[in-house]
Structure formats: structure tokens, C-alpha cells
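Chemist: Below you will find the structure I want to go over with you.
Every read-out reported here was derived from the displayed coordinates using simple, explicitly stated rules and does not represent laboratory data. Bear in mind that the values here come from a model prediction, so they are computed numbers and not experimental data. Here the Cβ positions follow ideal geometry from the backbone for every residue, glycine too, while neighbour counts run over all protein chains shown.
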Amino acid sequence: MELSALLRDARERAGLSQALVASVLGVHRPSVSEIEAGRRGVGAAELSVLAELYGLNADEALGAAGAVTGPMPMESVRYAFRRETAVSESAYAAVDRFVVGWQTASAEDTGSTAAYTPPRVSYDMRRPDSDAEALWQGETVAQDERRRLGLAEEPIADFPTLLREQGVYVGTLDEVPQRELDGVYVRHRAQSAIGLNFGSDAWGPYRARFTAAHEYAHYLLRDVSAEQLAQSAERGGLVEARADAFAGAFLMPRDAVLQSFNSHPVTTARRQASSTMKLESVRRSMVNAMQYFGVSNFALLRRLVVLGVITAEDEVSLREEGLSEVDASKLGLE
């Protein structure tokens, strides 16, 4: 059966409308109609999402994919996207280019696309059912992984190198705005890769560092298609929350953060007695902590809330206040 007919029949069997499928893919409904009529090709990342959405066997879908346009990655490639908005066609194209670059680099290294073999390490965690469980799982896996790697409480100086040492290929996503796609975790059989979007502004490297840790969580926990499917948006969101919790704890270990801010979790009495004084102390310590851990102010503030150093209300206040010109200069954000 041709790919177009296979996808049309699979959608109808699943009882999904073209409009819903279009919303999941981040395209207009006529694009889905064009795919099913055989007048528009399907990118590799799009095909992975459709196979997951329709419950298709990936090998069956890819076996019918003789008409797939653009770069065709390896069989059964799966994706987990990190982005703020619906995945756009330009984002899918960026992922396809990234996968081809991954394949090319692997082949050049050893003459085989099996160049990057991940270590035999993963963490067995069920999908979280609540925000609290997602936070606990992320924190727990981050602590265990830092312990496994012998990192103690020190910041991670060169995260891409650390990932490569774990057998994970690291590359860049180009020609797509960071707001559309921060990063992507790609898995194929025993191989894994992380694509990072460094953006075009000064904050880009800071965001990319957090994204790398976020995608590393997907790798360690064997997460794929983490937030793409409309039917599982709530649970997918908790998987993403778990990856964010991991990233925060992995990049900013608890004791090191508390030491940086000379602090302990907030108690009700202390919060009422010295809120203004405490915020001023946090404000003075933020830039040094951002430089030390290599994270953005948003990531740092979220971590401080999780650890009880500041309240959620404090976080909002400090975010709205932003960085002074002097602080921005120290961070190279002029």
C-alpha cells in the first residue's frame, strides 16, 4: 500500500479528523489532505509523529515511505521535542537536517551509522501522575546520575563533552527560531542524539545548556514522543515537568545552590519577618550563581522556588524586575 493511502486509512481507523492531525503536526488542515492524496511528501519527523498518533508499526509506515521527501533517517527514529509553541514545518525540517548530520558524522567516524552507542544505563521510572511525583522523580534521577558520574556538587563545565562521553551525539538545530524549537531528543534503536538550538540572542547558550540537560533526562528515562500527542497532553506535560526537574537538579545540585545563597528553605516565620531583606540578598547573589552554574535567571529562580529559598511570589517579582545593566554586562548580555 502506498504511504498516502496507508496514512489516510490509519487516521480513519483511529477516528481522528484531519483538523486534529494538522494541529498535532503544527500544519494547516489542507496539508494533511495533500499528504493523504499523495500530493505532498512527508518529512521523517512528521512520519514518526503520525505513526505514534495512529498506532502504526513504525517499520510498516517506513516501509511504505518510498515517497518521503527530504532526508530519510534510519528506521524507527523517535523524537521528543522541547518547544514553546506547536511544532512548525520549519521545525520539522530543522530536525530532519539534524538527523542527516548525525548520520553523516557517525558514518564518517567509523564507516557505519552505528558509531554512537549509548552506555547501558537508564532509570526505570513510571510516567508521573502528578506534579509532585514528576518533581520527585526528576530530582531523584538527577542525584543518582550525578553520583554515578562522580560529579559531587561541582558545576558541569562542559556539558556537550559530558554527553558525548555517555555515547550521546550532540549537534545543532539551525534556521528555526528558539521559540519554535529549543531542542530535540532523537532515538534510533541503540543510538541517541540531542539537537540544540542556540538561538540568535545572548541568552541562547544559557537556554541551550538547560535544554541539553532536559533532553538528557529523556535519554536516561527512555522518553520518546513526550509531548506531541493531543490525546495525552496532560501526561505528556508531566513527563516534560519531570525532565525540567531533572535539568534543574542536575545543573544546580541542592547543597551547592543553598551554599551559594547562604540559605536554608524558607519557613513561614522567616518569610513574614524578613521578605524584603531576603529578596535583596538573593538579588545580590544571583549573577554569581548564574555564572557559576551556567544557567539563565529564569532557570535559577525556578530552582530557588523548588528548594524553598524563595516563594513563587518572590519568583514573579524578581522575574519582572529583570537584570540591571551592570548585571547584564557581567553576564555578557549587553
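Chemist: Which order results if Val100, Val184, Val316 are arranged by neighbouring Cβ count within 10 Å, fewest first? Working shown, then result.
Modeler: On the way: Val100 15, Val184 27, Val316 12.
By the 10 Å Cβ count, ascending, the order reads Val316, Val100, Val184.
Chemist: How long is the gain from Ala312 to Arg147 if the chain were fully straight, where each residue apart is worth 0.36 nm and the alpha carbon distance is subtracted?
Modeler: Values: separation 165, 0.36 × 165 = 59.40 nm, distance 2.94 nm.
Difference between extended and current length: 56.5 nm.
Chemist: Tell me, Arg254, Arg126, Arg147, Arg97 in order of fewest to most beta-carbon neighbours within 10 Å?
Modeler: Values: Arg254 16, Arg126 7, Arg147 10, Arg97 19.
Fewest to most other Cβ atoms nearby, the residues stand as Arg126, Arg147, Arg254, Arg97.
Chemist: Any idea how far apart Glu133 and Glu320 come out in nm if each label point goes 7 Å out from Cα toward Cβ?
Modeler: 3.5
Chemist: May I pose another question? Which order do the peptides 296-307, 280-291, 206-217 take when ranked by the mean count of other beta-carbon atoms within 10 Å per residue, highest first?
Modeler: Details: 296-307: 21.4, 280-291: 16.3, 206-217: 25.3.
Ranked by mean Cβ neighbours within 10 Å, highest first: 206-217, 296-307, 280-291.
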